[in-house]
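A quick write-up on the structure given underneath.
The values are calculated or read from the model by the stated rules, or taken from the named source; none is laboratory data. Please read all numbers here as calculations on a predicted model, not as lab measurements. We place every Cβ from the backbone using ideal geometry, glycine too, and count neighbours over all the protein chains shown.
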Amino acid sequence: MRTASIDRNQIEQLVRSAIRGEAAGAPKTNHAAAPRNSHDPPGWVNGKPNLRVSISARHCHLTDEHVEILFGRGSVLEPDKDLYQDGFYAAKQSVMVVGPRRRMLPNVRVLGPTRNFSQVELALTDSISLGIDAPVRHSGKIEGTPGCVL
């Protein structure tokens with residue numbers, strides 16, 4: 001079964017609206033850490049651009065249960081590097097992702113903290129290589145997504 005896909009123009013529109021903070025349910029940001037001059041345009045602080053972009057081409061989120069299944073009873077995610085989002089980190093643990101074509105991606109980083117659901121997020125080229133018809137969605141929208149093996 002083929003999942004519905006979004007064309008590149010829709011992706012560009014989603015990205016542009018997210019950057020402008022117009023995406024539905026976009027979290028409110030606290031600008032107290034970087035006070036803005038009232039004459040600065042959005043995204044600028046004291047006359048300088050202040051936009052931080054972080055990209056992770058491939059990573060996964062796991063539940064507590066799946067951490068124990070994959071790494072042993074009593075295992076917990078061990079923070080390795082803090083991410084730019086407060087409270088989030090790249091864990092020391094990584095997994096191998098295997099798709100329907102039986103090709104694999106070794107050393108896919110696990111991000112913490114754990115969640116109520118497990119999810120793998122891949123670049124389009126990775127999903128094609130693995131044989132996964134991956135939809136383009138916001139993180140956390142997992143209903144009806146294709147599966148893989150960790």
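In the condition set (1) closer than 20 Å to PRO79 by Cα; (2) in a loop (DSSP other than H, G, I, E, B), ASN107 is compliant with all but (2).
Which ones in region 40-53 are modelled with pLDDT under 75 and either of a type in the set (S, T, N, Q) or over 30 Å from ARG109 (Cα atoms) (or both)? Residue satisfying the conditions is PRO42 alone. Filtered by the rule that a residue be out of contact with any Leu (no Cβ under 8 Å at 6 or more places or on another chain), more than 19 Å from THR145 (Cα to Cα) and surrounded by fewer than 16 Cβ atoms within 10 Å (Cβ to Cβ), region 95-128 gives PRO106, ASN107.
Taken together, the residues in region 78-127 that are closer than 18 Å to ASP64 by Cβ, of a type in the set (Lys, Arg) and free of Cβ contacts under 8 Å to residues at least 40 places away in the same chain amount to 1. When residues of region 6-23 are filtered for being surrounded by 12 or more Cβ atoms within 10 Å (Cβ to Cβ) and at pLDDT below 70, how many remain? Residues flagged as surrounded by 12 or more Cβ atoms within 10 Å (Cβ to Cβ) and at pLDDT below 70 within region 6-23 amount to 3. Considering region 50-93, and only residues there that are in a loop (DSSP other than H, G, I, E, B) and among the basic types (Lys, Arg), the residue that is farthest from the chain's Cα centre (by Cα) turns out to be ARG73.
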